[in-house]
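The values are calculated or read from the model by the stated rules, or taken from the named source; none is laboratory data. Being a predicted model, the structure only gives us computed values, none of them experimental. Cβ coordinates were reconstructed from backbone atoms using ideal geometry, including for glycine residues, and neighbour counts include every protein chain displayed.
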């Protein structure tokens with residue numbers, strides 16, 4: 001890799017990253033040992049360098065609940081569409097036409113602007129073979145990039161971290177939310193997650209408490225001296241000798257791993273709160289949860305956090321009833337929030353570096369149900385936003401003709417893993433086959 | 001046969017290790033009691049739990065309720081869309097309330113119940129069979145499976161595997177209830193072999209297809225909420241599984257699975273990992289599996305050997321396991337002799353820490369080990385420690401309240417928070433008057449209680465300095481000292 005650096009010591013590592021820029025402390029010998037071990041491991045893999053200034057960034061946006069893709073990218077000129085959806089069908093005059101056949105939902109004016117500016121790619125009919133209609137399972141399939149009959153332990157983003165980001169800053173992956181998504185599950189867990197930077201911290205009831213916490217979690221101190229482990233009680237501390245050279249981070253005693261995480265937590269929490277209060281947004285965002293999440297992501301990018309992948313989500317797409325109103329609100333919020341984020345990135349001068357990719361666990365049934373909604377379905381569109389995307393409509397719109405449906409659902413034309421392969425290879429610049437389990441043809445989108 | 005621990009190595013620290021792993025730890029008096037029983041007595045006290053009566057009542061809704069099912073069904077059938085929505089919403093709320101009650105009920109059992117090892121095994125089986133309420137939905141089924149794990153906690157491998165397969169929650173969870181002769185559903189057949197009993201590479205795709213045929217007929221009766229064998233959907237034909245051919249049914253299939261030498265190896269490795277905190281070496285697992293087979297696949301005598309073995313008390317095993325969130329919460333309440341937070345708060349803590357009981361992340365269950373620890377969950381543990389010891393609500397809500405005391409909704413919020421208020425640590429209960437007056441004694445007594453070992457001298461000094469910085473040392477300062485001790489990497493292992 002062109003601008004790859006080799007990590008010599010943890011000290012050098014921290015110096016080179018934003019997280020370490022404010023630190024003036026001596027690196028314990030113990031730490032540099034583990035770090036040189038890490039380095040030897042990293043040397044064998046295509047480790048990616050995080051500079052915080054010029055690396056490309058992927059923002060994954062989950063539309064949770066199963067978005068009705070058919071009323072998002074609308075085949076407004078298709079008779080089968082209007083026949084299947086007598087009450088939910090959107091009329092041509094309420095559509096933002098992309099061509100003579102399909103158009104965007106009327107609430108997505110902001111996406112139409114991005115489309116016209118050549119910054120939006122609409123990938124049609126994305127799904128996978130043998131689709132599963134359970135939220136739980138289908139989300140898991142998207143998160144782990146597995147075949148629908150296989151259980152994968154780790155997530156596709158986690159496997160990217162394992163394969164390409166050994167030794168990276170813990171903030172290489174950032175999830176805005178309370179839970180780390182399954183996509184981040186990894187052999188060597190990485191990435192941080194928080195919903196509110198003000199709460200991503202040690203809460204102290206006084207300066208003395210805070211100072212004591214910092215001392216107690218200082219790594220140099222928690223490695224005990226060998227002679228202290230004598231006595232009939234079993235010593236709690238980790239011993240350096242337990243960590244042979246060349247062992248990965250997860251080797252050695254459990255407490256050593258936790259000590260390193262504690263140090264990462266301390267520094268990343270200081271830094272993130274610093275950025276959040278220092279960096280100003282340069283665009284107006286909707287006051288929604290998604291708007292707030294993207295506002296925060298923009299600040300973190302502006303503050304130079306060395307992150308390759310951000311993960312945000314928007315819920316509420318499980319529209320079994322009263323779909324018209326709720327989807328109108330959600331899609332409007334989605335388009336407006338992403339557009340604000342794009343504006344912010346442009347004002348920051350960072351839009352060249354950023355790609356936003358949306359997904360939802362499944363689309364919905366072609367025929368509407370009796371409650372003014374739609375039930376769980378299969379394939380649906382994905383949106384990819386960036387300055388370097390192949391803008392326009394990609395792939396074929398799946399046929400809505402009843403004889404072409406499978407159990408009432410449209411069939412996919414594009415395997416979602418071809419989109420993952422594209423962002424991995426052409427955006428994050430890493431080989432996709434080791435991460436996705438086999439070679440998927442990258443979608444010509446980036 | 002594993003090598004037994006020599007009796008003269010048995011001491012307080014070993015007893016603490018046993019209680020931490022075979023149960024959820026406990027205060028010094030409990031450890032001392034076990035230490036005095038000697039290794040055989042201590043293990044028997046934990047393992048022969050049938051001798052101890054357990055009077056905990058079941059939740060009052062923990063029984064089949066056909067009337068409720070019929071009422072709901074009929075109601076939905078004749079309802080307008082609006083009424084239907086209302087009925088569904090009511091049912092959802094009822095289910096949510098019951099699930100919250102169920103979580104609290106189980107946590108109470110783990111924390112204060114008289115049979116810690118039985119509950120620890122229930123936790124193991126829950127993680128192993130990893131059934132989630134997200135799909136099963138009905139709290140009664142979730143309770144029932146939990147109860148099944150309790151009844152068969154240390155029973156026989158084949159008995160447990162068969163009973164779990166016929167358990168309604170499992171029949172729903174892995175779609176077996178929907179499997180028909182004409183369209184066998186392979187989900188359960190596959191997971192029995194891949195995730196529950198053998199592991200990848202120990203069966204073929206053909207075995208799965210044939211096993212799915214054998215399992216047809218395992219179904220449930222929706223109204224009575226019971227397992228039901230339906231002969232007319234069972235495939236009566238010949239099946240070939242693991243190279244054996246016959247007119248197998250589901251029971252035969254499970255018997256064939258457990259007959260595989262790999263079935264013992266698979267479960268002994270998982271049990272060792274759960275109790276010892278790391279995967280066993282090939283050689284050790286050979287011994288473990290041989291031991292389980294020698295005991296006719298009965299877990300109780302197997303566990304007796306495991307807990308008695310020298311390997312279980314080895315230096316790289318003791319204090320080298322990352323506490324699971326449940327272990328962290330239940331164990332903290334036990335060593336601090338304080339109250340368990342109300343179910344809603346406990347649930348919130350466990351969810352944030354990554355172990356949402358009755359809702360494991362996927363069919364593989366929780367990964368455990370170091371994956372429990374991220375920068376975020378570690379800071380959350382440190383902050384939840386404050387809530388626990390001070391008896392306050394978790395920081396997020398307390399902070400929000402502080403921000404706008406008179407603001408809109410502030411009063412209502414305050415009322416809610418008042419209900420959530422927890423006990424906190426009572427310093428008088430865990431330290432003697434003498435100890436409380438001397439900072440050296442405070443640190444020594446607390447580290448003995450919280451770690452059953454000593455911290456390093458720098459850490460001890462930091463804690464003494466903290467107490468020194470207070471002009472007049474109060475109980476609140478001691479409580480903060482406890483929180484600081486819990487805010488260390490060392491407290492996260494057991």
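Would you call residue A:402 closer than 30 Å to residue A:321 by Cβ and surrounded by fewer than 20 Cβ atoms within 10 Å (Cβ to Cβ)?
yes
Is there a residue being in a helix (DSSP H, G or I), closer than 30 Å to residue B:303 by Cβ and without any contact (Cβ under 8 Å) to a residue 12 or more places away in the chain anywhere in the range B:73-95? If you could, list the steps in order and put the result at the bottom.
At the first step, the residues of the range B:73-95 found to be in a helix (DSSP H, G or I) are B:73-77, B:81-95.
In the following step, the residues that additionally are closer than 30 Å to residue B:303 by Cβ were identified as none.
The answer is no, given that none of the residues of the range B:73-95 is in a helix (DSSP H, G or I), closer than 30 Å to residue B:303 by Cβ and without any contact (Cβ under 8 Å) to a residue 12 or more places away in the chain.
With (1) closer than 19 Å to residue B:159 by Cβ; (2) surrounded by 15 or more Cβ atoms within 10 Å (Cβ to Cβ) as the list, and residue B:272 as the residue in question, which single condition is left unmet?
(1)
Name the residues in the range B:81-123 that are farther than 19 Å from residue B:52 by Cβ, surrounded by fewer than 18 Cβ atoms within 10 Å (Cβ to Cβ) and more than 14 Å from chain A (Cβ to nearest Cβ), would you?
First pass over the range B:81-123, keeping only residues farther than 19 Å from residue B:52 by Cβ: B:81-104, B:107.
When the remaining residues are screened for being surrounded by fewer than 18 Cβ atoms within 10 Å (Cβ to Cβ), the result is B:81-97, B:100-101.
Within the range B:81-123, B:90, B:91, B:93, B:94, B:95, B:96, B:97, B:100, B:101 qualify.
Would it be correct to say that residue A:246 is modelled with pLDDT of 80 or more, more than 7 Å from chain B (Cβ to nearest Cβ) and within 21 Å of residue A:166 (Cβ to Cβ)? If you could, list the steps in order and put the result at the bottom.
Working: modelled with pLDDT of 80 or more: no; more than 7 Å from chain B (Cβ to nearest Cβ): yes; within 21 Å of residue A:166 (Cβ to Cβ): yes.
Answer is no for this residue.
So which helices (runs of 4 or more DSSP H) stay within the range B:265-351 end to end and still have 2 or more residues that are in contact with a helix residue (DSSP H, G or I) (Cβ under 6 Å, 6 or more places away or on another chain) and farther than 26 Å from residue B:45 by Cβ?
It comes to B:282-294.
Return the residues of the range B:441-476 that are farther than 26 Å from residue B:327 by Cα, crowded, with 19+ Cβ neighbours inside 10 Å and at the interface with chain A (Cβ under 9 Å from one of its Cβ atoms); say none if nothing qualifies.
Looking only at the range B:441-476, we keep the residues that are farther than 26 Å from residue B:327 by Cα, and these are B:441, B:457-458, B:461-462, B:464-475.
Filter again for crowded, with 19+ Cβ neighbours inside 10 Å, leaving B:462, B:466-467.
If the condition is that a residue be farther than 26 Å from residue B:327 by Cα, crowded, with 19+ Cβ neighbours inside 10 Å and at the interface with chain A (Cβ under 9 Å from one of its Cβ atoms), then B:462, B:466 are the ones that fit.
In the list B:64, B:55, which residue meets the criterion of being assigned to a loop (DSSP other than H, G, I, E, B) and loosely packed, with under 12 Cβ neighbours inside 10 Å? I'd like the intermediate steps shown before the answer.
Numbers: B:64 fails: loosely packed, with under 12 Cβ neighbours inside 10 Å.
Only one candidate passes the filter, namely B:55.
Can you confirm whether the range A:165-180 contains a residue that is at negative phi, free of Cβ contacts under 8 Å to residues at least 60 places away in the same chain and crowded, with 21+ Cβ neighbours inside 10 Å?
Among the residues of the range A:165-180, at least one is at negative phi, free of Cβ contacts under 8 Å to residues at least 60 places away in the same chain and crowded, with 21+ Cβ neighbours inside 10 Å, which makes the answer yes.
Here are some residues: A:207, A:171. Which one is out of contact with any helix residue (DSSP H, G or I) (no Cβ under 8 Å at 6 or more places or on another chain) and either facing chain B (nearest Cβ under 7 Å) or within 30 Å of residue B:484 (Cβ to Cβ) (or both)?
None of the other options fit; the residue is A:207.
Taking the options B:24, B:45, name whichever one is crowded, with 16+ Cβ neighbours inside 10 Å and in a loop (DSSP other than H, G, I, E, B).
Among B:24, B:45, only B:24 is crowded, with 16+ Cβ neighbours inside 10 Å and in a loop (DSSP other than H, G, I, E, B).
Suppose we filter the range B:285-327 for residues that are in contact with a strand residue (DSSP E or B) (Cβ under 9 Å, 6 or more places away or on another chain) and under 30 Å from residue B:389 (Cα atoms); how many remain?
Selection size over the range B:285-327: 5.
Only one of B:322, B:326 is within 24 Å of residue B:374 (Cβ to Cβ), in contact (Cβ under 8 Å) with a residue 24 or more places away in the chain and within 10 Å of chain A (Cβ to nearest Cβ). Can you tell me which?
B:322
Scan (1) at pLDDT 95 or above; (2) assigned to a helix (DSSP H, G or I); (3) surrounded by 12 or more Cβ atoms within 10 Å (Cβ to Cβ) for the single condition residue B:50 breaks and write down its number.
Tallying (1) at pLDDT 95 or above; (2) assigned to a helix (DSSP H, G or I); (3) surrounded by 12 or more Cβ atoms within 10 Å (Cβ to Cβ), residue B:50 fails exactly one: (3).
Within the range B:158-177, restricting attention to residues that are more than 12 Å from chain A (Cβ to nearest Cβ) and modelled with pLDDT under 95, which residue is nearest to residue B:361 (Cα to Cα)?
To start, the set of residues in the range B:158-177 that are more than 12 Å from chain A (Cβ to nearest Cβ) comprises B:158-171, B:176-177.
After this cut, where a residue has to be modelled with pLDDT under 95 as well, the list is B:176-177.
Values: B:176: 20, B:177: 22 Å.
Looking at the filtered set, the residue picked out is B:176.
Can you confirm whether the range A:142-154 contains a residue that is surrounded by fewer than 19 Cβ atoms within 10 Å (Cβ to Cβ), more than 18 Å from the chain's Cα centre (by Cα) and more than 10 Å from every other protein chain (Cβ to nearest Cβ)?
Scanning the range A:142-154, I find at least one residue that is surrounded by fewer than 19 Cβ atoms within 10 Å (Cβ to Cβ), more than 18 Å from the chain's Cα centre (by Cα) and more than 10 Å from every other protein chain (Cβ to nearest Cβ), so the answer is yes.
Give the residue that is surrounded by the fewest Cβ atoms within 10 Å (Cβ to Cβ), with candidates limited to residues of the range A:181-191 that are modelled with pLDDT of 85 or more and at the interface with chain B (Cβ under 8 Å from one of its Cβ atoms).
Applying the filter and picking the extreme gives A:182.
Restricting the first residue to the range B:482-494 and requiring it to be more than 9 Å from chain A (Cβ to nearest Cβ), which pairs with a second residue that is not in a helix (DSSP H, G or I) meet a Cβ separation below 7 Å and a spacing of at least six or different chains?
Close Cβ pairs satisfying both conditions: B:482/B:425; B:494/B:25; B:494/B:319; B:494/B:321; B:494/B:323.
Using beta carbons and a limit of 9 Å, which pairs, at least six apart or on different chains, have the first residue in the range B:233-254 and touching a residue at least 60 places away in the same chain (Cβ under 8 Å) and the second one part of a loop (DSSP other than H, G, I, E, B)?
Once the first residue is touching a residue at least 60 places away in the same chain (Cβ under 8 Å) and sits in the range B:233-254, its partners that are part of a loop (DSSP other than H, G, I, E, B) give B:250/B:166; B:250/B:216; B:250/B:217; B:250/B:234.
Based on this model, can you work out whether residue B:371 counts as buried (at least 22 other Cβ atoms within 10 Å of the Cβ), within 26 Å of residue A:176 (Cβ to Cβ) and over 13 Å from the mean Cα position of the chain (by Cα)? Working first, answer last.
Values: buried (at least 22 other Cβ atoms within 10 Å of the Cβ): no; within 26 Å of residue A:176 (Cβ to Cβ): yes; over 13 Å from the mean Cα position of the chain (by Cα): yes.
Considered against the rule, which asks whether it is buried (at least 22 other Cβ atoms within 10 Å of the Cβ), within 26 Å of residue A:176 (Cβ to Cβ) and over 13 Å from the mean Cα position of the chain (by Cα), residue B:371 comes out as no.
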